[in-house]
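The structure under discussion appears below in the form of structure tokens.
What follows is calculated from the coordinates using simple rules that are stated; it is not laboratory data. Computed from a prediction, not measured in an experiment: that's the story for all the values here.
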Amino acid sequence: TESGAGSSINVVLNAAPTQNVTLTIASFNGEISASPATVTFTPSNWNAAQIVTISAVEDGVVDSNQDTSTVSVSSSSDPNYNSGVPAPAYWSV
């Protein structure tokens, strides 16, 4: 809830990359904040969960639950991860 406690999510990759992969957790409508906003996976830690806390942003608008965030690759030289296409990950806050 806005001004309420956030929730933690675990982020992992589905397959080992050949190069580092940096993911960005973002809100397409400004309704959430993520901490940290980016996580980086390496070929050696790709399957170790990294914890991200998702919180609703207090905006003073009564607008019920919002599906608001995506995870996308922001940088990688691995051809399997460098498309920047958002992964199918959404949260409702």
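Work out how much length Thr40 to Thr18 would gain on full extension: take 0.36 nm times their residue separation and subtract the Cα-Cα distance, in nm to one decimal. Don't jump to the answer; show the numbers that get you there.
Values: separation 22, 0.36 × 22 = 7.92 nm, distance 1.30 nm.
Using 0.36 nm per residue and subtracting the Cα-Cα distance, I get 6.6 nm.
The Cα atoms of region 8-55 define a convex hull whose projected area, averaged across directions, is 3.3 nm².
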